[in-house]
1. When LEU13 is evaluated against the numbered criteria (1) under 25 Å from SER129 (Cα atoms); (2) surrounded by 17 or more Cβ atoms within 10 Å (Cβ to Cβ); (3) more than 9 Å from the ligand (Cβ to nearest atom), which criterion, by number, is the only one it fails?
2. Tell me yes or no: at least one residue of segment 123-131 is charged (D, E, K, R) and within 23 Å of ILE25 (Cβ to Cβ).
3. Among (1) surrounded by fewer than 12 Cβ atoms within 10 Å (Cβ to Cβ); (2) more than 24 Å from VAL169 (Cα to Cα), there is one condition LEU74 misses while meeting the rest; what is its number?
4. Please state which one of TYR84, TYR76 is within 14 Å of the ligand (Cβ to nearest atom), more than 26 Å from ARG32 (Cβ to Cβ) and at pLDDT 95 or above.
5. Need the failing condition index for VAL39 against (1) of a type in the set (A, V, I, L, M); (2) within 12 Å of the ligand (Cβ to nearest atom); (3) buried (at least 20 other Cβ atoms within 10 Å of the Cβ), just the number.
6. Across segment 16-36, which residue is farthest from the ligand (Cβ to nearest atom) among those that are assigned to a loop (DSSP other than H, G, I, E, B) and open to solvent by less than 50 Å² (accessible area, probe 1.4 Å)?
7. Take the residues in segment 113-146 that are closer than 30 Å to ILE95 by Cβ and open to solvent by 30 Å² or more (accessible area, probe 1.4 Å), then tell me which one is nearest to the chain's Cα centre (by Cα).
8. If you scan segment 172-202, which residues turn out to be out of contact with any strand residue (DSSP E or B) (no Cβ under 6 Å at 6 or more places or on another chain), surrounded by 13 or more Cβ atoms within 10 Å (Cβ to Cβ) and small (Gly, Ala, Ser)?
Amino acid sequence: MNRSRRKGELIVLSGPSGVGKSTVISELMGSRGNLYFSVSFTTRAPRVGEADGVNYNFVDRAEFERMIAAGELLEYAEYVGNYYGTSLKLIQDKIEEGIDVLLDIEVQGAAKVRARCPEAVLIFIIPPSFEELSRRLHSRATDPEDVIQGRLQKAHDEYREIVTYDYLVVNDTVSNAAAEIVSILTAESCRAKKRINMIEGI
Ligand code: 5GP
């Protein structure tokens with residue numbers, strides 16, 4: 001058996017604002033080795049507590065547009081007035097090294113990844129209910145009511161894209177959601193077509 005030729009998986013995680021994606025991602029990063037979180041590029045301003053190169057690579061619009069023109073992005077999207085995008089080179093290198101790469105991106109970007117990388121695994125994460133999402137958005141935030149209502153409406157729109165995803169995970173508790181994602185990744189890595197090169201002579 002030869003495991004050395006395995007390439008990394010490209011894993012896309014999407015879900016509405018307030019679902020708790022970042023907490024689930026932190027749990028995954030802590031519990032699973034061989035997983036790299038792709039730090040996106042964005043033109044939005046850093047929030048309090050965010051660090052350049054950790055949460056995002058913060059760039060201005062001119063730099064982002066240069067990256068688009070130079071073909072440096074696997075995908076990008078404009079979301080609420082700002083650009084967000086994924087570096088092609090960075091994730092290609094990791095995948096070639098056999099490291100799984102996790103992208104936290106919204107639905108337009110996920111569709112572009114699907115078109116360019118059909119083998120990518122797309123996971124959508126939802127809260128147990130819309131009432132719970134509303135409760136989480138109200139409890140976490142200093143956001144005004146109209147912003148919260150905007151996020152809930154956006155969540156409705158995003159839910160229409162769920163059918164284009166491979167898996168749906170319910171974030172009832174962070175540990176359950178992370179455990180389901182780990183199971184998905186384990187199952188994906190066991191696909192026969194991905195393991196066929198482990199058998200000598202084929
Ligand atoms: P936030 O501004 O709240 O950090 O992110 C807003 C949205 O942008 C989230 O849904 C997040 O998943 C998405 N996002 C973050 N990075 C990227 C990226 O590189 N590409 C795309 N298409 N969306 C992203």
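The values are calculated or read from the model by the stated rules, or taken from the named source; none is laboratory data. No experiment lies behind these values; they were computed from the predicted model shown. Here the Cβ positions follow ideal geometry from the backbone for every residue, glycine too, while neighbour counts run over all protein chains shown. These accessible areas exclude ligands, DNA and RNA; they are computed on the full protein's heavy atoms, side chains included. Shrake-Rupley method; radii C 1.70, N 1.55, O 1.52, S 1.80 Å.
1. Of the numbered conditions (1) under 25 Å from SER129 (Cα atoms); (2) surrounded by 17 or more Cβ atoms within 10 Å (Cβ to Cβ); (3) more than 9 Å from the ligand (Cβ to nearest atom), the odd one out for LEU13 is (3).
2. No, because not a single residue in segment 123-131 is charged (D, E, K, R) and within 23 Å of ILE25 (Cβ to Cβ).
3. Checking LEU74 against (1) surrounded by fewer than 12 Cβ atoms within 10 Å (Cβ to Cβ); (2) more than 24 Å from VAL169 (Cα to Cα), the one that fails is (1).
4. Every option except TYR76 fails the conditions.
5. Unmet condition: (3).
6. So the residue we want is GLY20.
7. For segment 113-146, the residue satisfying everything is ARG114.
8. ALA178, ALA179, SER189
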